[in-house]
Amino acid sequence: MLILGAGAVGLLACSLARASGFTSVVAVDIEQAKLDFAAQMGWASGTYTLPRGPRVSGFDAIEVAKSGWAGLQKSDAVQSVEGLEDGFDAVFECTGVESCMQLAVMVSVADTKRLVTTLCSPILMNRNALSDGRFRLMTCLSRPPKSSLTLSSHR
């Protein structure tokens with residue numbers, strides 16, 4: 001399983017994945033300290049730090065996602081588990097960042113279920129990946145309700 005984002009939602013997803021029996025849980029974030037915490041707690045069997053860059057959208061987000069997947073494929077977190085270089089069977093996108101949403105689509109093997117947990121504005125998704133019906137956006141609000149702002153870990 002791949003968890004994109006190691007904030008509060010991502011760490012919860014990691015811990016629940018391990019508690020549910022997933023032996024391979026790879027956490028990805030731009031902050032090494034969050035990934036270290038996930039590994040120390042035993043919630044992530046592998047971690048990968050994405051390079052920090054400017055937020056982009058549209059086709060630029062697709063290019064950033066491609067670069068992120070290329071780096072992730074070469075990482076110890078993926079190379080140490082047989083078969084992961086082809087993609088993940090389960091992916092949780094917990095960042096709300098468009099390039100990570102694109103990455104969630106790219107790293108998923110065929111017939112994979114993806115859960116996107118985000119408050120976001122409408123985004124451009126990779127049409128080739130969407131055309132086969134594998135992707136389902138589970139939670140997307142164009143404007144977060146006022147009550148959710150108190151729960152936000154990113155302000």
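The values are calculated or read from the model by the stated rules, or taken from the named source; none is laboratory data. Note that the structure is a prediction, hence the values are computed from the model and not measured. Counting neighbours? That spans all protein chains shown, and the Cβs are built from the backbone with ideal geometry, glycine included.
Miscellaneous remarks
- Restricting region 11-41 to residues that are outside any strand (DSSP E or B) and touching a helix residue (DSSP H, G or I) at 6+ places or on another chain (Cβ under 8 Å), the residue that is surrounded by the most Cβ atoms within 10 Å (Cβ to Cβ): 14
- Verdict on residue 103 being in contact with a Lys or Arg (Cβ under 9 Å, 6 or more places away or on another chain), modelled with pLDDT of 90 or more and of a type outside the set (D, E, K, R): yes
- Restricting 85, 63 to residues that are among the acidic types (Asp, Glu), at pLDDT below 85 and farther than 15 Å from residue 4 by Cβ narrows the list to 85.
- For region 82-99, a tally of residues being in contact with a helix residue (DSSP H, G or I) (Cβ under 6 Å, 6 or more places away or on another chain) and more than 14 Å from residue 48 (Cβ to Cβ) returns 5.
- Unique residue being on the phi > 0 side of the Ramachandran plot and free of Cβ contacts under 8 Å to residues at least 12 places away in the same chain when the list is 58, 83: 83
- Failed item, numbered, when residue 69 is tested on (1) within 14 Å of residue 28 (Cα to Cα); (2) of a type in the set (Phe, Trp, Tyr); (3) modelled with pLDDT under 90: (3)
- Checked against the criterion of being under 15 Å from the mean Cα position of the chain (by Cα), free of Cβ contacts under 8 Å to residues at least 24 places away in the same chain and more than 17 Å from residue 96 (Cα to Cα), the candidates 71, 21 yield just one match: 71.
- Between 97, 91, 78, the distinction of being under 16 Å from residue 9 (Cα atoms), modelled with pLDDT of 80 or more and in contact with a Gly (Cβ under 9 Å, 6 or more places away or on another chain) belongs to 97 only.
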